[in-house]
Amino acid sequence: MKVLVAGGSGFIGSHIVRKFLDNRSEVWVLTRNPQKVQNNPLLKGVLFIDLTEGWDYLEKLLTEIRPDIIINTVGILYEGKGNTYRQAHVDFLEKLLKASQKVSPRRFIHISACGVGRNKISRYFQTKEEGERLVTSSGIPYTIFRPSIVMGKGQLLLKQLKVFGKFLPLLAVPKGSFQPLHIEDLAQAVFLSAVKEELKNRICEVGGPKVYTAGELFKETLKLLGLKRLVIELPWQAFLPVLPVTGLLGVLTYEQLKMSQTPNVCPQNCLPKLVKNPKDPFEV
């Protein structure tokens, strides 16, 4: 099976790539940073396409490779200069789908987000929803995954708490709820969607076996890092005065605050049908 993964050097993408490699697939990673691909131990054995060569170059290569499966894992939680939600979740996806249509893959698998369709105030969720519409109207057989927060080695929350948790005696977090799942379970679900016909043209919410409050999520993550801190949950309005500081630190922006107002849980969780024994999301 030939597989192309966009965003394959990121946290979610690299684990999905590893799952397909372990199952003897030929995997191509679409990247703007070939060095990052070569330095990632999870990506040992992949081939890569340098997107800095341009989209015409990609379309030419795709007609030669003719992948069976194309997977898009590109997404951002924080906007930066020259990297907006619209650019990552809509513009990039539109170009990838256009290139994909020319080679008619057996399946286009898209990683979206839990909360799409329910949160209408965040640009993150608005652009994610727009991206889903592009996929479903592309004419390519698809599977869309909407994961809750994905945990595992290299995950952003772990990295942030490893830095800030060391010197903060107390952590205040916006009230919310999450259904964290382990990255290996998500990778397994994505792999199965490439081979199971019953997941064709489906949108699948995926979450772990348990729902956690925001406070519980942070406490479990701190415990994983060997840190014991007091964690308190506050209404989202309480964080408005400190946003200029937390936004500069890349810890909490106004967009993240708007995202937190929708429960990040999966009422129609597909994971139990795909993974018989889901892992503890806090097992690294």
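Just so it is clear, none of the values below were taken in a lab; they were calculated from the coordinates. This is a predicted model, so every value here is computed, not measured. With ideal geometry, Cβ positions are generated from the backbone for all residues, glycine too; neighbour counts draw on all protein chains shown.
Do me a favour and compute the ellipsoid semi-axes for segment 224-284 from its Cα gyration tensor, root of five times each eigenvalue, largest one first, whole Å.
On the way: eigenvalues 178, 64, 24 Å².
Sorted largest first and rounded, they come to 30, 18, 11 Å.
Taking every C-alpha pair closer than 8 Å and separated by at least 6 residues, the mean separation divided by the residue count of the chain gives a relative contact order of 19 percent. Cysteine residues of the chain whose C-beta has no other cysteine C-beta under 4.7 angstrom: Cys114, Cys266.
Counting every other Cβ atom within 10 Å of each residue's Cβ, Met259, Met151 order from fewest to most as Met259, Met151. Using a Gaussian network model of the chain in which every pair of alpha carbons under 10 angstrom is joined by a spring, one finds that among Leu240, Leu21, Leu96 the greatest mean-square fluctuation is at Leu240.
Here is the size of the chain from its Cα atoms: Rg then Dmax, 18.7, 56 Å. Here segment 158-284 is treated as an ellipsoid with the same Cα gyration tensor; its semi-axes, largest first and in whole Å, are 31, 17, 12.
Antiparallel DSSP bridges in the chain: what percent, to the nearest 5?
Values: 3 of 38 bridges.
Here the antiparallel bridges make up roughly 10 percent for the chain.
Here is the list for segment 66-153: chymotrypsin sites (Phe, Trp or Tyr not before Pro) lying in DSSP coil, each with at most 16 other C-beta atoms within 10 angstrom of its C-beta, are Tyr78. Note that segment 1-142 carries a Kirkwood radius of 15.4 Å, evaluated over its alpha carbons pair by pair.
Assuming charge only on the beta carbon of Lys and Arg (+1) and of Asp and Glu (-1), the dipole of segment 22-83 about its Cα centre is about 220 debye to the nearest 20.
Computed from the Kirkwood radius of its Cα pairs, the Stokes-Einstein diffusion coefficient for segment 113-163 at 4 °C and 1.567 mPa s stands at 101 µm²/s.
Considering only beta bridges that DSSP places wholly inside segment 1-123, some 5 percent are antiparallel.
Segment 57-98 and segment 214-284 have Cα centres lying 27 Å from one another. Dipole check for the chain: with +1 at the C-beta of Lys and Arg, -1 at the C-beta of Asp and Glu, and the Cα centre as origin, the magnitude is about 380 Debye. Under the combined filter of DSSP loop state and at most 16 neighbouring Cβ atoms within 10 Å, segment 87-186 retains these trypsin sites (Lys or Arg not before Pro): Lys102, Arg106, Arg118, Lys120, Lys153, Lys166, Lys175.
Using only side-chain charges placed at the Cβ, +1 for Lys and Arg and -1 for Asp and Glu, the dipole size of segment 179-226 relative to its Cα centre rounds to 60 debye.
Neighbours of Phe125 by Cβ distance under 9 Å: Lys/Arg scored +1, Asp/Glu scored -1, total +4.
Among DSSP bridges having both ends in segment 63-179, what percentage is antiparallel? Round to the nearest 5. Let's see the in-between values first.
Values: 1 of 9 bridges.
That works out to approximately 10 percent antiparallel.
Can you give the percent of C-alpha pairs in segment 128-200 whose distance is more than 16 Å? Value for segment 128-200 (Cα pairs over 16 Å): 67 percent.
Averaging the sequence gap over all C-alpha pairs within less than 8 Å and six or more residues apart, then dividing by the number of residues, gives segment 15-145 a relative contact order of 21 percent. For segment 229-284, trypsin sites (Lys or Arg not before Pro) meeting the loop criterion (DSSP other than H, G, I, E, B) and having at most 11 other Cβ atoms within 10 Å: Lys276.
Under a 5 Å amide H cut-off, with hydrogens placed 1.01 Å from N, Leu171 pairs with Leu230, Val231, Ile232 among residues at least 5 apart or on other chains. Farthest towards the positive end of the charge dipole of segment 96-163, among the residues Ser137, Thr127, Leu161, is the Cα of Leu161, using unit charges on the Cβ of Lys, Arg, Asp and Glu.
Coordinate range of the alpha-carbon atoms in segment 213-255 per principal axis, descending: 30, 21, 16 Å.
Give me the percent relative contact order of segment 1-60, please, defined on Cα pairs under 8 angstrom at least 6 residues apart.
Values: 92 pairs, mean separation 19.1, N = 60.
After rounding, I find 32 percent.
Put in line by how crowded their Cβ is, counting other Cβ atoms within 10 Å and starting with the fewest, Asp50, Asp22 read Asp22, Asp50. Between Ile71 and Leu4, Val5, Ala6, Ile109, the built amide H atoms are under 5 Å apart, and every one of these is 5 or more places off in sequence or on another chain.
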